[in-house]
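One structure below.
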Amino acid sequence: MTGNLTITLVVNGRSVTRTAGAHLTLLRWLREVADVTDPKYGCGEGICGACTVLGDGVPVSGCLVLAAQVDGATVTTAAGLLEPDGSFSPLQRAFHSHHAAQCGFCTPGMLTAAAALLADGRCRSRAEIRAGLHGNLCRCTGYGPIVDAVEAAQRERGRAPRVPGRTPRGPGGPQRCPGAEDQPPDASEAPARGASK
């Protein structure tokens, strides 16, 4: 592809139409053309997960996909996970309360990958959460607080994290995870650093 193309995406709930180079990746289109800067450029090879966004509810590496390939899609970044009133979603609150972000560079990709992981409403073990976040690298947290946050978010939810384009599956919507009835939504706290579970 050469030249310019007009591309329309629904980004975090709003329609964005821009004309730009046909060679632009989704990540560059979002950051440089549409001024959506929460997805980050990390490796440029689809390995680190810093550029992970949701394309029609499915995690994609924004650095590998051309914007033209997803023309007409719904794209959700970490900013699109906010509640309609602008407050943090349960997943974002859990990341905050469990100190799952330190430098914050990986956080937007981690949040979108975690939201997609939990969107079907199925309860996941810590091992399944780790496996589900496999393509997202973090150099700061050691992953423990991130897994704690995802686990807490799935316990807290009365519904799965809101991911445009995806609907919780199963009879009656999302499942209640073990431990959800045992504690109020905000009662789960991360263990002190160095403490074992």
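A few remarks follow.
- Rounded if a/c under 1.5, otherwise prolate or oblate - the range 11-52, Cα gyration tensor axes: oblate
- Stretchable slack from ASP85 to HIS99, in nm (0.36 nm times residue separation minus alpha-carbon distance): 2.7 nm
- Other residues lying with their Cβ under 13 Å from the Cβ of CYS103 contribute a combined charge of +2, Lys and Arg counting +1, Asp and Glu -1.
- Point-to-point label distance, GLU32-ASP71, nm (Cα→Cβ direction, 7 Å offset): 1.9
- When the P(r) is computed for the range 4-78, the part past 15 Å accounts for 44% of the Cα-Cα pairs.
- Largest first, the three principal axis extents of the alpha carbons in the range 1-143 are 46, 33, 27 Å in whole numbers.
- Most tightly packed first, judged by the mean number of other beta-carbon atoms within 10 Å of their residues, the peptides 43-51, 91-99, 13-21 read 91-99, 43-51, 13-21.
Read-outs: derived from the displayed coordinates by stated rules, not from any lab. Since we're looking at a predicted model, the values are computed, not measured. Positions of Cβ are backbone-derived with ideal geometry, glycine not excepted, and every protein chain shown enters the neighbour counts.
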